[in-house]
Amino acid sequence: MAHKIRVGALISGGGTNLQAIIDAGRSGKMDADIVFVGSDNPDAYGLQRARNSGISTFVVDYRQAIRSFKENLDRWQLPADFQLDEIRANQAIWPRSTDPEKVDAFLRGRAVAESMLLEAMRPYSFDLLVLAGFMRNLTPYFIDRVNVDRTRPRIMNIHPALLPAFPGTDGYGDTFRYGCKVGGCTVHFVDYGEDSGPIIGQRAFPIREDDTLDAVRRRGLEQEWQLYPECIQLFAEGRLKTVRTTHELPGGTIFERTVVNVLPKR
Ligand code: GRF
């Protein structure tokens, strides 16, 4: 049997993608085992799915952690390795307020929650971290501590739209309301921005005149359950290479981006 990679998962909700990944691993479609499932939401049904499969789980209750941090600012210890200037310089997702004090409080609160997440993950060694309906944006504090080798990203996310269209929390809703004739889903590596990282794989499906949003969502999820295990398998096979590309546009503007090359199967 091929060497299996160890995969950690973070979820916030129902966990149907998590289930698809667990099933793909168990049926041998994917050379990967889920070694832990963490959630920011204690009521996520995906936690139950993990337990049903005998997978270790943990919860870092973000809502409670952030509230408690705001209420007891003087009592909380920021993580010893938290460098506000460095995080602020790399941060690409901002809270609604641009008030610098509020922004700093936001970053501090997130760092506290993220250091709890890192602590909960510490007992497990893992090759890849998959976000499977994890509804929290991660800051550079967390991302840099997982991506220890900056040239080899190892946090993946699945997004319910054909990125770069419709980043954010309601990809299928945004696609449907915009009147798109095609919807889709995207698996990408996580970078500092919101759903902006290098694209690994995408699937598209038609949207018909008489479709409801529910129908679009159902069709999309079915594609997600196929796409995510396929992308994890590409990672397990060592076939995902991130490269920096540069293009000169008419008029001389330079377009630069890190993209994923999918290498052929050896
Ligand atoms: C999926 O649509 C995924 O693309 C998005 O959140 C949803 C999670 O669904 N990020 P589930 O918890 O996997 O059922």
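The values are calculated or read from the model by the stated rules, or taken from the named source; none is laboratory data. For clarity, every value in this text was computed on a predicted model and none was experimentally measured. In this analysis, Cβ positions are derived from the backbone assuming ideal geometry, glycine residues included, and neighbour counts consider all displayed protein chains. These area figures cover heavy atoms from the full protein model, side chains too; ligands, DNA and RNA do not enter into them. Shrake-Rupley method; radii C 1.70, N 1.55, O 1.52, S 1.80 Å.
Side notes on the structure shown:
- Residues satisfying the stated conditions in segment 92-130, i.e. under 19 Å from the mean Cα position of the chain (by Cα), open to solvent by 10 Å² or more (accessible area, probe 1.4 Å) and either within 16 Å of the ligand (Cβ to nearest atom) or at pLDDT below 90 (or both): Ala92, Ile93, Trp94, Pro95
- Members of segment 209-259 that are in contact with a Ser or Thr (Cβ under 6 Å, 6 or more places away or on another chain) and open to solvent by less than 40 Å² (accessible area, probe 1.4 Å): Thr242
- Hits in segment 169-188 - residues which are within 18 Å of Met135 (Cβ to Cβ), open to solvent by less than 20 Å² (accessible area, probe 1.4 Å) and not polar (S, T, N, Q): Gly171, Tyr172, Gly173, Cys185, Val187, His188
- Pairs where the first residue, in segment 1-28, is open to solvent by 20 Å² or more (accessible area, probe 1.4 Å) and the second is among the β-branched types (Val, Ile, Thr), C-beta under 9 Å, 6+ apart: Arg6/Ile34; Arg6/Val35
- Qualifying residue in segment 48-64 (condition: open to solvent by less than 70 Å² (accessible area, probe 1.4 Å), within 16 Å of the ligand (Cβ to nearest atom) and in a loop (DSSP other than H, G, I, E, B)): yes
- Residues in segment 143-162 that are more than 16 Å from the ligand (Cβ to nearest atom) and either in contact with a Ser or Thr (Cβ under 8 Å, 6 or more places away or on another chain) or of a type in the set (Val, Ile, Thr) (or both): Ile143, Val146, Val148, Thr151, Arg152, Pro153.
- Of all the numbered requirements in (1) away from the ligand (no atom under 16 Å from the Cβ); (2) surrounded by fewer than 17 Cβ atoms within 10 Å (Cβ to Cβ); (3) in contact (Cβ under 8 Å) with a residue 40 or more places away in the chain, Pro206 misses one, and that requirement is (3).
- Qualifying positions in segment 134-143 - open to solvent by less than 30 Å² (accessible area, probe 1.4 Å) and either within 21 Å of Gly168 (Cβ to Cβ) or without any contact (Cβ under 8 Å) to a residue 40 or more places away in the chain (or both): Phe134, Leu138, Thr139, Pro140, Phe142, Ile143
- When segment 11-40 is filtered for residues that are part of a strand (DSSP E or B) and within 11 Å of the ligand (Cβ to nearest atom), the ones remaining, listed by number, are Ile11, Ser39.
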